[in-house]
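Note sheet for the following structure.
Values in this text are rule-based calculations from the coordinates and carry no lab data. Note that the structure is predicted; figures quoted are calculated from it, not measured. Note that we place each Cβ from the backbone using ideal geometry, even for glycine, and neighbour counts take in every protein chain shown.
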Amino acid sequence: MKFRSPLSQAKGLGSAKHGFSHWWWQRVTAIALIPMGLWFVISVLCLAGGTHAQAQEWLSSPINATIVLLFTLTALFHAQTGLQVIIEDYVPTKWINLVLLLATKFAAVIMAVLAIIAVLKVSVGG
Amino acid sequence: MQKERPLSPHLSVYKPQITSVLSILNRVFGSFMAVSTPVLVYWLMSIASGPEAYAELQACFSHWLAKLFLLAWAFSFYYHMSNGIRHLFWDAGKGHGLATLTKSGYAVLASAVTLTVITIVFAVAGGA
């Protein structure tokens, strides 16, 4: 059964067809962030107040480097999906809405690249 | 052209309840952690930069305001994680009854506070 009129579709009211994917990936990243987030908090607690050499040694381990990168990239993705929903809900002015959505996406990608380079520099570059 | 669409969260028209307050707090703490992601990335960059950059950042984190930020971050994380698990149960179709909603809400608060206290104990014991 079709509930939506052709007029509402032509006016751009309603589904843009990718709502489910957004919802689904928010859940997938949320589940992944539970163990990785706890691991990250424990790691930071162990490194707190320590020296640079200790932090460097920790990050040079391939396993730590892998988990810290997976955690950071997943967190950035999850943060961006969450901010998107909040912006869509609370910012009614179309152009401000668009600017904020673009800004969060650009910021997330820039931070992702910075994190990748930083972690690789320590774990591969030495 | 701007369409007159309904905006979903009418925060000001409802009496605060455990369900609605916890729901908006999930967004508040989530967005707080989202805008804090540069700190995480900068910390990784400081490890890559070398001892001077790392020492500078550590000096910043010894300030009480920075410690308060880390404490707020820890509480936000535990709250958002606990409430997120509650959300996953809802997604699975479980726990929608009013009594269960209230109980799981208080459980989220208890879990967030307990985990934060444990973290403070470990941080203080570790000399941070």
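Residues that are surrounded by fewer than 17 Cβ atoms within 10 Å (Cβ to Cβ) and within 30 Å of B:LEU88 (Cα to Cα) occur in the range A:51-63; there is at least one. Looking only at the range B:86-117, residues that are under 30 Å from B:PHE69 (Cβ atoms) and not aliphatic (A, V, I, L, M) come to 8 in all. Looking across the range A:82-98 at every residue that is touching a residue at least 12 places away in the same chain (Cβ under 8 Å) and facing chain B (nearest Cβ under 7 Å), the one that is nearest to A:THR29 (Cα to Cα) is identified as A:GLY82. B:LEU65 satisfies every condition listed in (1) more than 9 Å from chain A (Cβ to nearest Cβ); (2) within 17 Å of the chain's Cα centre (by Cα); (3) not aromatic (Phe, Trp, Tyr) except (2). If you go through the range A:65-81 one residue at a time, do you hit one that is surrounded by fewer than 19 Cβ atoms within 10 Å (Cβ to Cβ), among the hydrophobic types (A, V, I, L, M, F, W, C), at the interface with chain B (Cβ under 9 Å from one of its Cβ atoms) and more than 17 Å from B:VAL39 (Cβ to Cβ)? No, that holds for no residue.
State which residue is farthest from the other protein chains (Cβ to nearest Cβ) when the search covers only the range A:39-56 and only residues that are part of a helix (DSSP H, G or I) and closer than 15 Å to B:GLU52 by Cα. If we take residues in the range A:39-56 being part of a helix (DSSP H, G or I) and closer than 15 Å to B:GLU52 by Cα, then A:GLN54 is farthest from the other protein chains (Cβ to nearest Cβ).
When B:ALA92, B:ALA74 are checked against the criterion of being of a type in the set (A, V, I, L, M, F, W, C), exposed (fewer than 13 other Cβ atoms within 10 Å of the Cβ) and at negative phi, B:ALA92 stands alone in meeting it. The condition of being within 23 Å of A:VAL119 (Cβ to Cβ), in a helix (DSSP H, G or I) and touching a residue at least 12 places away in the same chain (Cβ under 8 Å) holds for only one of B:SER36, B:SER76, B:SER46, that being B:SER36.
With respect to B:THR102, is the statement that it is among the polar types (S, T, N, Q), within 27 Å of A:ILE42 (Cα to Cα), surrounded by fewer than 15 Cβ atoms within 10 Å (Cβ to Cβ) and more than 10 Å from chain A (Cβ to nearest Cβ) true? Here the answer is no, as B:THR102 does not meet what is asked. Scanning the range A:98-125 for residues that are in contact with a helix residue (DSSP H, G or I) (Cβ under 7 Å, 6 or more places away or on another chain), surrounded by fewer than 16 Cβ atoms within 10 Å (Cβ to Cβ) and closer than 15 Å to A:ALA65 by Cβ yields a total of 1.
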